[in-house]
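Engineer: Below is one structure. I have some questions about it.
The values are calculated or read from the model by the stated rules, or taken from the named source; none is laboratory data. From a predicted model like this one, the values you see are computed outputs, not experimental measurements. For neighbour counting, all protein chains shown are included, and Cβ atoms are generated from backbone atoms with ideal geometry for every residue, glycine included. These area figures cover heavy atoms from the full protein model, side chains too; ligands, DNA and RNA do not enter into them. Shrake-Rupley method; radii C 1.70, N 1.55, O 1.52, S 1.80 Å.
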Amino acid sequence: MAVSSTSNTALNNLTSNYTSTTDQGQETLGREEFLTLLVAQLENQDPLAPQEGTDFTAQLAQYSQLEQLMNLNDSMESMANAFQDDVDGDGVSYIGKEITGYIDSMQVSKGTVTSGFYSLSSAAEVIVEVYDADGNKVDRLLEGQKTSGGQLIAWDGTDAAGESVEDGTYTYKVYADYGDGFEEVTTTVTGTVDGITYNDGTPYLVVQGVLVALDDVTSVTEINSETDTESIMDYLGKGVKTETPIVLIEDGEVFGQDLSFELDSAEPVTVNVYNAYDELVKTIEVKAEDLNEGTNTVHWNGLDENGGDMPDGLYYYTVKTDSGEFASTAASEKVSAIKNVNNTQYLVLEESGRLVALSTIKEIY
């Protein structure tokens, strides 16, 4: 931009200053610099030889173009950031991929509690402590002896006094005694992302029936369907053991509707059925006289609390005894088929018809 000035030291110094700034790394003058120079030019032009009107008009046109370009650039940047936030923030891109993530929280909403999760390297005695948002311990769960592998935490949403806690997010710590005293266990989960659920507007990934925050994801792996198909076929005809068998509803038909569990003694139990988003959909109360020591089964016909049909999808269950302990829901059966649900492959148990996720297998025989 040409600036007309006759022996005006102030304007020359100002121009030199901006030239020096540009030489130091600023490639072009910005809006504020342009206006400062324009005003300085008007204030310091020679009254006996004022700048031509055409030159002044051209400079105003340059400023107008600069203003429009800067506004356009700001708008494009905002749109790009908003688009990236949508892509990164809703978690949809994770569906069908295998992820590993930290998980140390459970959500309580209107009496419904999402599951926690932890994994053991070998059999151990386990204690779980639950904390509120302020870091206060609200409950202590004596999980008892657990086998190696992934374990669900089925907290009932009450504190140590048996009172229902307020809705919100509760963190937990897991301590395991492998034989040398209790030590804290790092709680992570690995598995295929089956869906997305929202809690207070925040998206969570649904993995093995538990929720993982996007910020807690530590690794993401693309699943090679051809490799998975070849490896999963090796399970056909073999026996597998899992602690978390899955019930499938497909086209209105319930597969694996007989829910089995183990009891040390006959006592009343509460069977809770959850969908893939950790939402409680059915509660079944069973009296002690209808149960035996050892293996028991409860029939679920795929209906919700109001007697309505549940939608197609995957469901899991927990069994809590009257004494407050959780009964084992382990299943050991031969694999009779492979089932593809939501682009994820599951093993079909021969006798019960329930499904098994590969990541929950604890034993193969």
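Engineer: At 7 Å along Cα-to-Cβ for each site, give me the label-to-label distance between Asp180 and Ala288 in nm.
Structural biologist: So the label points at Asp180 and Ala288 sit 4.3 nm apart.
Engineer: What accessible area per residue, rounded to a whole number of Å², is obtained for the stretch 231-365 using a probe radius of 1.4 Å?
Structural biologist: 49
Engineer: Per residue, what accessible area does the stretch 142-183 have, given a 1.4 Å probe and all protein chains present, in Å²? Show your work: numbers first, answer last.
Structural biologist: Values: 2250 Å² over 42 residues.
Per-residue accessible area for the stretch 142-183 comes out at 54 Å².
Engineer: Are any of the pairs Lys97/Lys173; Lys97/Lys282; Lys146/Lys339; Lys97/Lys146; Lys110/Lys241; Lys110/Lys282 more than 25 Å apart by Cα-Cα distance, and if so, which?
Structural biologist: Values: Lys97/Lys173 27 Å; Lys97/Lys282 29 Å; Lys146/Lys339 29 Å; Lys97/Lys146 29 Å; Lys110/Lys241 34 Å; Lys110/Lys282 15 Å.
Pairs exceeding the cut-off: Lys97/Lys173; Lys97/Lys282; Lys146/Lys339; Lys97/Lys146; Lys110/Lys241.
Engineer: Show me, for the stretch 147-153, the HN-Hα J-couplings you get by feeding each phi into the Karplus relation (A = 6.51, B = -1.76, C = 1.60, θ = phi - 60°), rounded to Hz, glycine and proline as x.
Structural biologist: Running phi through 6.51 cos²θ - 1.76 cosθ + 1.60 with θ = phi - 60° gives 7, 5, x, x, 9, 8, 9 Hz.
Engineer: Within the stretch 316-357, what whole-number % of the accessible surface is contributed by carbon and sulfur, with the 1.4 Å probe and all protein chains included in the calculation?
Structural biologist: Ligands and nucleic acids excluded, carbon and sulfur reach 38 percent.
Engineer: Got a number for carbon plus sulfur as a percent of the stretch 87-130's accessible area, 1.4 Å probe?
Structural biologist: Here carbon and sulfur together make up 48 percent of the probe-accessible area.
Engineer: Also: Could you work out what % of the accessible surface of the stretch 159-267 is carbon and sulfur, using a 1.4 angstrom probe and leaving DNA, RNA and ligands out of the count?
Structural biologist: That share works out to 41 percent.
Engineer: If you don't mind, there's one more thing I want to ask. For the stretch 329-363 and the stretch 245-288, what is the separation of their C-alpha centers, rounded to whole Å?
Structural biologist: The two parts, judged by their Cα centres, are 16 Å apart.
Engineer: Can you tell me, using C-alpha contacts under 8 Å and at least 6 residues apart, the relative contact order of the stretch 208-314 as a whole percent?
Structural biologist: 30
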